[in-house]
Amino acid sequence: MRVILLGPPGSGKGTQAVRLVKKYDIVQLSTGDMLRAAVAAGTDVGLKAKAIMDRGELVPDEVVVGIIAERVAEKDCENGFILDGFPRTFNQAASFDELIGERGMKLTAAVSLEVPDEVLLGRIEKRARETGGARADDNAETLKKRLGVYHAQTEPLIGYYRDQGILRAVDGTQDPDAVESDIEKILEAAAA
Ligand code: AP5
């Protein structure tokens, strides 16, 4: 199973990815987590990415495509993966199609988690309180920027995957168990 989770910041991509990897024995590929790990480790990529992430902007396509290309080539991805936070631009989506096409792979589905902006702000503020502000981009001002970037650059990918016939939408305002159940129904139908 090879799945893309699309959705704005705070829509529940990470929450659902963690649940799905357990159920389907696949791996979670979160570019946000990979970039935060690079920042924490002080690698060249991390040093370049930190200020961009703190501003709520996108890290350059070539950087994230490079990270994902290396990761997808690893053995543990053979059984399938769930992409959380990638792709975020047309360029990333097209590069990824090429990448998996060369490996003879196809996407099972692109699941779009639909949550209105006003609900997202409440979730991000709650997470910031609960984690003691562990993420520098979890504040009202940077969230506004992240949402703007999402609507301008990532939301159009909904049409990109709809044109490929693999887009499925889920109401992400439901409780996490209900969201998970909807995604599972979609994936089981798509894989059948
Ligand atoms: P990234 O780490 O991908 O962050 P994001 O997309 O902004 O998403 P979040 O992690 O904030 O939210 P989520 O949708 O995973 O929701 P979650 O499950 O955590 O990216 C961070 C930055 O890295 C980017 O801004 C960019 O700079 C860079 N980057 C990453 N990928 C990149 C790429 N491909 N290209 C370029 N740059 C890239 O849930 C949020 C909260 O809500 C949690 O507290 C959770 O408990 C709660 N919650 C979840 N589901 C529900 C529910 N159903 N009901 C109520 N609460 C819920």
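For the stretch 114-133, the set of residues classified as free of Cβ contacts under 8 Å to residues at least 40 places away in the same chain and in a loop (DSSP other than H, G, I, E, B) consists of 131, 132, 133, listed by residue number.
Determine which member of the set 111, 65 is touching a Gly at 6+ places or on another chain (Cβ under 9 Å), crowded, with 19+ Cβ neighbours inside 10 Å and either touching a residue at least 60 places away in the same chain (Cβ under 8 Å) or farther than 15 Å from residue 158 by Cβ (or both).
Result of the check over 111, 65: 111.
Taking (1) more than 8 Å from the ligand (Cβ to nearest atom); (2) farther than 27 Å from residue 26 by Cα in turn, residue 103 satisfies each apart from (2). The single condition among (1) closer than 19 Å to residue 3 by Cα; (2) within 12 Å of the ligand (Cβ to nearest atom); (3) not β-branched (Val, Ile, Thr) that residue 130 does not meet is (1).
Taking the criterion of being touching a residue at least 24 places away in the same chain (Cβ under 8 Å), surrounded by fewer than 14 Cβ atoms within 10 Å (Cβ to Cβ) and farther than 21 Å from residue 121 by Cβ, the only residue of the stretch 165-192 that qualifies is 191.
Condition check ((1) free of Cβ contacts under 8 Å to residues at least 12 places away in the same chain; (2) at negative phi; (3) surrounded by 14 or more Cβ atoms within 10 Å (Cβ to Cβ); (4) of a type in the set (Asp, Glu)) across all residues:
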| site | (1), (2), (3), (4) |
| --- | --- |
| 71 | no, yes, yes, no |
| 74 | yes, yes, no, yes |
| 79 | no, yes, no, no |
| 88 | no, yes, yes, no |
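Quick one: which residue in 37, 41 is more than 7 Å from the ligand (Cβ to nearest atom) and loosely packed, with under 13 Cβ neighbours inside 10 Å?
Numbers: 37 fails: loosely packed, with under 13 Cβ neighbours inside 10 Å.
Of 37, 41, the one residue that is more than 7 Å from the ligand (Cβ to nearest atom) and loosely packed, with under 13 Cβ neighbours inside 10 Å is 41.
With respect to the conditions (1) in a loop (DSSP other than H, G, I, E, B); (2) loosely packed, with under 12 Cβ neighbours inside 10 Å; (3) not basic (Lys, Arg), residue 105 lacks only one, and its number is (2). Taken over the stretch 161-192, the criterion of being part of a helix (DSSP H, G or I) and within 14 Å of the ligand (Cβ to nearest atom) is satisfied by 176, 177, 178, 179, 180, 181, 182, 183.
For the stretch 44-62, filtered to residues that are more than 25 Å from residue 124 (Cα to Cα) and without any contact (Cβ under 8 Å) to a residue 12 or more places away in the chain, the residue that is surrounded by the most Cβ atoms within 10 Å (Cβ to Cβ) is 62. If you filter the stretch 118-148 down to residues that are of a type outside the set (Lys, Arg) and within 17 Å of the chain's Cα centre (by Cα), you find that the one that is surrounded by the fewest Cβ atoms within 10 Å (Cβ to Cβ) is 148.
All of the numbers you see were taken from the coordinates with simple rules; none came from a lab. Remember, it's a predicted structure, so these values are computed and weren't measured experimentally. Methodologically, a virtual Cβ is constructed for each residue, glycine included, from the backbone with ideal geometry; neighbour enumeration extends over all protein chains shown.
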